[in-house]
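This report concerns only the one structure given below.
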Amino acid sequence: MTISPAPHRLSTKIQFPSSFQWGVATSSYQIEGAVAEDGRTPSIWDTFCRKPGAVHDGDNGDVACDHYHRMPQDVQLIKSLGVDSYRFSVAWPRVQPGGRGPANPAGLAFYDRLVDELLTNGIDPWVTLYHWDLPQELEDAGGWPNRDTAYRFADYAMMVFDKLADRVDTFTTLNEPWCSAWLGYEVGVHAPGRREHDNAIRAVHHLLLGHGLAVQRMRAAETTAHRFGITLNMGTSDPATDSQADREAARRADGMGTRIYLDPLRYGRYPDDIVADLAARGTAFPVQDGDLEIISTPFDVLGVNFYFGQDFSGVDEQGRTEDDNGHPVVRSILPDTARTAMDWPITPERFTQLLVRLHRDYPGLPMVVTENGAAFDDAMSTGGSVDDDDRTAYLADHIAAVAAARAEGADIRGYFAWSLMDNFEWAYGYAKRFGIVHVDYETQTRTPKRSALWYRDAIAHYKA
Ligand code: IFM
């Protein structure tokens, strides 16, 4: 079967330096399967998937893409795309079952083999230490709202670092702490499915503390230089109109989505306006002496995950500025553009806006786009191809948006497409496909979509 790449959108006007890092990304629970093998114990996602109604169709990550058993073939797939790097995450309950005590050699051995396989094939490994699979025992002890979890995370990070630091250059601590704290502890649509405002705020602080502790310990232990970082998911938060209420809502959204992470990480303080908002609600970050120094430990790279930008209104559909609980309304208004299968608006111009803003407000911090991509309702043709020109257009427009931000001075050093292959999309189960490679979950057959072939050609083109 021959599939041709989508013929369009390889711009001759866009340029990237030869050092620009092109990659694809995945995460452990979304692709590995093998949840009970070689000593792995349950994570909060194994538990959450068993909760009736929590995940679409009752799906779970028990098998997922069976990557744990198909890793060498998957590395060949990655190689066929011509990327420089592969970003993957390490499953904490595989490496340290239960989240306490000694490392599990069999769990570490999987990542050891993966790193060797990547290097043998000329692919640079990019490690994410935590992409949401907290050991269930640590959740039973309080989860991220419990301060001790930050210290447990730093211990676990050192187990991975000790094993892989001789071959891996880049270690990022957390993927999208906003999702862990907000979706997991405030809204409850992600594991562990709690809806506890105070604990969501506690989770934010302890996630950041865990990041800082881990960076400090890895930095102290390194014998050669590494690149340490953290990945945040961010969008844009513009006011829907110029009204005072909408500007106030946008301030709150930006504060809770971006500034409560980046201000302590970069400047060692939480933003005053958000601290005041929380105090008005009787909540506070549980800061202890020295925490903010730990959290603001210098790091080398900010991972940026972008999917869409949005506007905010301070008025709900009934015209009220406060909700039933007396809290100010912060209502998302999605820009009036084409949508992906997630119903997310396609807003590449806002990607440029975000990257330029990050460069302006948090200067001196190199950025890498660690995730960007889209789910669409892909169909396989009778000839066996997936002609996902919508995804190709999304990738092309967002890569152009990165180039535009670079032209405005933003220091962006790489781009990773999300995702290498279709996988377990959290509460959406297997219903949403983000891959540039199609996965048939019955047979585990991988088929590069037209977007994958376009991405391969785009990388070759931009590198030339
Ligand atoms: O699939 C997720 C990923 O795990 C984290 N970032 C967003 C992606 C799409 O929802």
Output the residue which, of all residues in the stretch 74-119 that are of a type in the set (S, T, N, Q) and touching a residue at least 60 places away in the same chain (Cβ under 8 Å), is surrounded by the fewest Cβ atoms within 10 Å (Cβ to Cβ). Ser80
Kindly provide the set of residues from the stretch 381-394 that are in a loop (DSSP other than H, G, I, E, B) and surrounded by fewer than 21 Cβ atoms within 10 Å (Cβ to Cβ), ordered by number. Ser381, Thr382, Gly383, Gly384, Ser385, Asp387
Going by what's in this entry, would Ala240 be described as over 26 Å from Thr128 (Cα atoms), more than 16 Å from the ligand (Cβ to nearest atom) and free of Cβ contacts under 8 Å to residues at least 24 places away in the same chain? no
I need the full set of residues from the stretch 406-425 which are within 16 Å of the ligand (Cβ to nearest atom) and either polar (S, T, N, Q) or farther than 30 Å from Ala34 by Cα (or both), in order please. Ser419, Asn423
Where Thr283 falls short, out of the listed (1) polar (S, T, N, Q); (2) touching an Asp or Glu at 6+ places or on another chain (Cβ under 6 Å); (3) buried (at least 18 other Cβ atoms within 10 Å of the Cβ): (3)
Does the stretch 167-184 include one or more residues that are more than 16 Å from the ligand (Cβ to nearest atom), farther than 24 Å from Ile78 by Cα and surrounded by 21 or more Cβ atoms within 10 Å (Cβ to Cβ)? no
Which condition breaks for Asn233 when tested against (1) more than 16 Å from the ligand (Cβ to nearest atom); (2) within 19 Å of the chain's Cα centre (by Cα); (3) in contact (Cβ under 8 Å) with a residue 40 or more places away in the chain? (1)
Expected output for the stretch 168-196 (first residue touching a residue at least 40 places away in the same chain (Cβ under 8 Å) and in a strand (DSSP E or B), partner polar (S, T, N, Q) and away from the ligand (no atom under 14 Å from the Cβ), Cβ below 9 Å, 6+ apart or cross-chain) is Thr170/Ser85
Which one is farthest from the chain's Cα centre (by Cα) among residues in the stretch 144-157 that are under 16 Å from Arg219 (Cβ atoms) and surrounded by 19 or more Cβ atoms within 10 Å (Cβ to Cβ)? Ala154
Given the conditions (1) within 29 Å of Pro52 (Cβ to Cβ); (2) more than 16 Å from the ligand (Cβ to nearest atom); (3) acidic (Asp, Glu); (4) touching a His at 6+ places or on another chain (Cβ under 9 Å), which single one is not true for Asp440? (4)
Scan the stretch 289-319 for residues that are surrounded by 13 or more Cβ atoms within 10 Å (Cβ to Cβ) and either within 16 Å of the ligand (Cβ to nearest atom) or without any contact (Cβ under 8 Å) to a residue 60 or more places away in the chain (or both) and jot them down. Leu292, Leu302, Gly303, Val304, Asn305, Phe306, Tyr307, Phe308, Gly309, Gln310, Asp316
Take the residues of the stretch 26-53 that are surrounded by fewer than 19 Cβ atoms within 10 Å (Cβ to Cβ) and among the hydrophobic types (A, V, I, L, M, F, W, C): which is farthest from the chain's Cα centre (by Cα)? Ala36
Can you report the number of residues in the stretch 185-223 which are within 16 Å of the ligand (Cβ to nearest atom), under 17 Å from the mean Cα position of the chain (by Cα) and of a type in the set (A, V, I, L, M)? 3
Could you please let me know if Gly122 is buried (at least 20 other Cβ atoms within 10 Å of the Cβ), at positive phi and more than 16 Å from the ligand (Cβ to nearest atom)? no
Identify, please: which residue in the stretch 395-447 is basic (Lys, Arg) and in a loop (DSSP other than H, G, I, E, B) and is, among those, surrounded by the fewest Cβ atoms within 10 Å (Cβ to Cβ)? Lys432
Qualifying helices (runs of 4 or more DSSP H) (wholly inside the stretch 201-300; at least 3 residues being basic (Lys, Arg)): 244-254
For the stretch 15-124, which fully contained helices (runs of 4 or more DSSP H) count at least 2 residues that are farther than 27 Å from Gly142 by Cβ? 67-80, 105-120
The stretch 127-143, subset closer than 19 Å to Ala427 by Cα and part of a loop (DSSP other than H, G, I, E, B), residue farthest from the ligand (Cβ to nearest atom): Leu134
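Laboratory data are not the source of any read-out in this text; all were calculated from the coordinates shown. Computed from a predicted structure; not experimentally measured. Methodologically, a virtual Cβ is constructed for each residue, glycine included, from the backbone with ideal geometry; neighbour enumeration extends over all protein chains shown.
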